[in-house]
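Derivation of every value follows stated rules applied to the coordinates shown; laboratory data play no part. What you are looking at is a predicted structure, and each value in this text was computed from that prediction instead of being measured. Cβ coordinates were reconstructed from backbone atoms using ideal geometry, including for glycine residues, and neighbour counts include every protein chain displayed.
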Amino acid sequence: MIYLDNNSTTRPCESAIEALDASARRWWANPSSAHRAGQDARAQVELARAHVAALVGVKPRGITFTASATEAINLAVRGVLDATDERAVVTTATEHGAVRELLAHLAPRRGLTVRVAPIGPTGVLDPDGLEALLLPGTALCIAHWANNETGVVQPVAEVARRCRARGVPFLCDATQWVGKMPADLSAFDLACFSPHKFHGVKGVGALVTRPGFGLVPQMPGAQELGRRGGTESVPAILAAGAAALAAAEFLRDPDARDRLARQRDRFERAVLDGCAACGVRARVNGSTDPAHRLWNTTNLAFHALEAEALLLMLSERGVCASAGAACASGSLEPSPVLLAMGIEPADAHGSLRFSLSRDTTTEEVDRAAGIVLASVRLLARATGTRA
Ligand code: PLP
């Protein structure tokens, strides 16, 4: 099976699996217990926290472990809203569902005004457009660093600067960035990420808070410095620590990222050229400017084809990809992110995301490109969809 769905989740690395195993066998006690076994587990959790904090350039105390990035986003958004009377939130049109759906849920319940900065076909946010929405009474601004569907990179440092100038707290959703690119999350008031996106395991996410930034806890309890109650998932946290060390090692070598970007480009080229040769209209969704693009992602539109059908054909032939956000797959609706970028529905319906990991090989992308092309040709022929 060739796994090209790494923005959804990555395969745990060997050291994360070892940490998981060690935690189940040796450090299974409750890290909040005063006894020796509990304190041994606590020491391991704090070591893992230090590794995770170092990966993102913050102090260990700035990290709150949650169960997922989605939970970290909930803690940040609800925690800010509970601490202020301001009732407007500014965000972008291409946020992950974890943000989009939370704001839609909270708006009627909390009387929120949600102002959404538009995003054009390149997928890149215009900071001027967003800044114009940072009106008095804005409780929070939220923007993602890298897009989970297109890999498009947003100018979050600039957004943070403009928010600071206007006194608006900024939450950076760094879930797709951390582990793939060097990150300094100390530049933000709030940031979140999820180690299962960089070869950790599922069951843990992280919220980063700037020192002194006050949040109202959403699950009261003594754990995580009182920011998030509930016994920590020691296995997932230890695996996150190991994954953070491995990611830091990977990030030390910029050539590794360049090599992977070339692999992604090679895959993209092979598929697009092959489509052109057989009369199927295909193109990349979002910017192809390397400065605005993560090394691992390509989102391809196969005009007038049905993405769900393609996905199943690929899966049958040994390639895992996804259509839209992973959590939206299973629905036939085109991706709200692509529609928000103004991609025409016949392209959005036929769009697939392929995302590499640091372990993806050239041989895998070449084989996958062949399988994608064969499937596209078959479906185009079956449905009479040709240029
Ligand atoms: N934000 C972004 C940009 C994501 O890509 C994801 C997951 O794909 C999330 C948030 C939610 O992460 P989690 O699955 O850890 O809740």
Label point distance in nm, residue 374-residue 84, each placed 7 Å from Cα along Cα→Cβ: 5.5 nm
Charge dipole magnitude, Cβ of K and R +1, D and E -1 - the chain, Cα centre, debye nearest 20: 380 debye
Label-point gap, in nm, between residue 359 and residue 306 - each point 7 angstrom along Cα→Cβ: 3.4 nm
Cβ-Cβ FRET estimate between residue 161 and residue 61, R0 fixed at 25 Å, reported to 0.05: 0.50
15, 186, 335, 375 arranged by Cβ crowding within 10 Å, fewest neighbours leading: 186, 15, 375, 335
The stretch 23-164 - share of DSSP beta bridges that are antiparallel (%, nearest 5): 20 percent
Footprinting exposure proxy for 313, 219, 1 (fewest neighbouring C-beta atoms within 10 Å first): 1, 219, 313
Amide H contacts of residue 114 (H built 1.01 Å from N, under 5 Å, at least 5 apart or other chain): 89
Cβ-based charge dipole, the stretch 83-150, positive-most Cα from 105, 119, 138: 105
Percentage relative contact order, the stretch 49-130, counting C-alpha pairs under 8 Å, at least six apart: 24 percent
Nearest-20 debye value, the stretch 231-387 charge dipole, Cβ charges on Lys, Arg, Asp, Glu: 420 debye
Length gained when the stretch residue 37-residue 269 is fully extended (0.36 nm per residue, less Cα-Cα span): 78.0 nm
Magnitude of the charge dipole, the stretch 107-217, Cβ model with Lys/Arg +1 and Asp/Glu -1, debye to 20: 340 debye
In order through the stretch 217-226: 3J(HN,Hα) via Karplus (6.51 cos²θ - 1.76 cosθ + 1.60), integer Hz, x for Gly, Pro: x, 9, 10, x, x, 7, 5, 6, 6, x
Mean residue ellipticity (222 nm) of the chain, computed from DSSP H runs ≥ 4 via -39,500 (n - 2.57), nearest 500: -13000 deg cm²/dmol
Extension gain, residue 101 back to residue 346 (0.36 nm per residue minus Cα-Cα distance, nm): 85.8 nm
Added length on full extension, which subtracts the Cα-Cα distance from 0.36 nm per residue, residue 225 to residue 115: 36.4 nm
Kirkwood hydrodynamic radius of the stretch 1-87, Cα pairs, Å: 15.8 Å
Share antiparallel - DSSP beta bridges, the chain, percent rounded to 5: 50 percent
Cross-link reach list, aspartates and glutamates versus residue 59, counting only Cα pairs under 13 Å and skipping chain neighbours closer than eight places: 46, 184
Residue 351 long-range amide H proximity, modeled H, under 5 Å: 302, 307
Rounded to whole Hz, the Karplus (6.51, -1.76, 1.60) HN-Hα couplings of the stretch 298-303, x for glycine and proline: 9, 10, 10, 9, 10, 3
Ellipsoid semi-axes in whole angstrom, largest first, where each is sqrt(5λ) of the Cα gyration tensor of the chain: 35, 27, 17
Charge tally in the Cβ shell below 14 Å around residue 16, where Lys, Arg are +1 and Asp, Glu are -1, residue 16 excluded: -1
Built amide H within the under 5 Å cut-off of residue 144, gap 5+: 173
Where labels lie 7 Å past Cα in the beta-carbon direction, separation of residue 276 and residue 1 in nm: 3.4 nm
In order through the stretch 125-131: 3J(HN,Hα) via Karplus (6.51 cos²θ - 1.76 cosθ + 1.60), integer Hz, x for Gly, Pro: 6, 8, x, 5, x, 6, 4
Whole-number D in µm² s⁻¹ for the stretch 215-274, Kirkwood Cα-pair radius fed into Stokes-Einstein, 4 °C, 1.567 mPa s: 85 µm²/s
